[in-house]
Amino acid sequence: MKHITHSDFQTEVVDSNGPVLVDFFAPWCGPCKALSPVLESLATAYEGRLQVVKLDIDGEGNQELVTSLGIRNVPTLKFFKQGKSHNTIVGFAPKNKIVEAIESIINQ
């Protein structure tokens, strides 16, 4: 999974030709750490159909973007397609719930 920042959010997410799952996380967040291997496996399983990226909410310069997107808790998964947010999962979610959201955005 690629780590992005506010400076490449436009290119990697908004301007992407395909669907993108953004994992808003923090290094100190236990549930974020627990979710990471699940997202790694999904990134591999959906390679070529879905881009999965991570954005550290505490990263330098990222706070303004995080605030503008309404991110208040971590982990938060936001699903984007054609530059627009289509779905959000807040908190640790089971793999099947994430797969359901992925399938929904891929099949739109």
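Numbers for the structure displayed
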{"quantity": "Cα centre as origin, Lys/Arg/Asp/Glu Cβ charges: the range 2-106 dipole, Debye", "calculated": "360"}
{"quantity": "At R0 = 30 Å, FRET efficiency that the Cβ-Cβ distance of GLN63 and ASN107 yields, to 0.05", "calculated": "0.35"}
{"quantity": "Rounded Å value of the spacing that divides the Cα centres of the range 3-30 and the range 50-88", "calculated": "6"}
{"quantity": "Whole-Hz couplings from phi, Karplus 6.51/-1.76/1.60, listed for the range 35-45; x for Gly and Pro", "calculated": "7, 3, x, 5, 5, 4, 5, 5, 4, 5, 5"}
{"quantity": "Low-density loop cleavage sites - chymotrypsin sites (Phe, Trp or Tyr not before Pro) in the range 1-64, where at most 10 other Cβ are within 10 Å (DSSP)", "calculated": "TRP28"}
{"quantity": "Overall dimensions of the range 20-108 by Cα: Rg and Dmax, Å", "calculated": "12.3, 35"}
{"quantity": "The chain: calculated mean residue ellipticity at 222 nm from DSSP helix runs of at least 4, using -39500 (n - 2.57)", "calculated": "-10000 deg cm²/dmol"}
{"quantity": "Residues with amide H under 5 Å from that of LYS54, placed H, sequence gap 5 or more", "calculated": "LYS2, HIS3, ILE4, ASP23"}
{"quantity": "Under 20 Å from LYS33, Cα to Cα: lysines that are on another chain or at least 8 residues apart", "calculated": "LYS2, LYS54, LYS78, LYS95, LYS97"}
{"quantity": "Potential lengthening between LYS97 and GLU40 on full extension [0.36 nm per residue; Cα-Cα distance subtracted]", "calculated": "19.0 nm"}
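Just so you know, all these numbers are worked out from the coordinates, no wet-lab data involved. Since the structure is predicted, the reported quantities are computational estimates derived from the model, not experimental observations. Glycine gets a Cβ as well: all are built from the backbone with ideal geometry, and neighbour counts include every protein chain shown.
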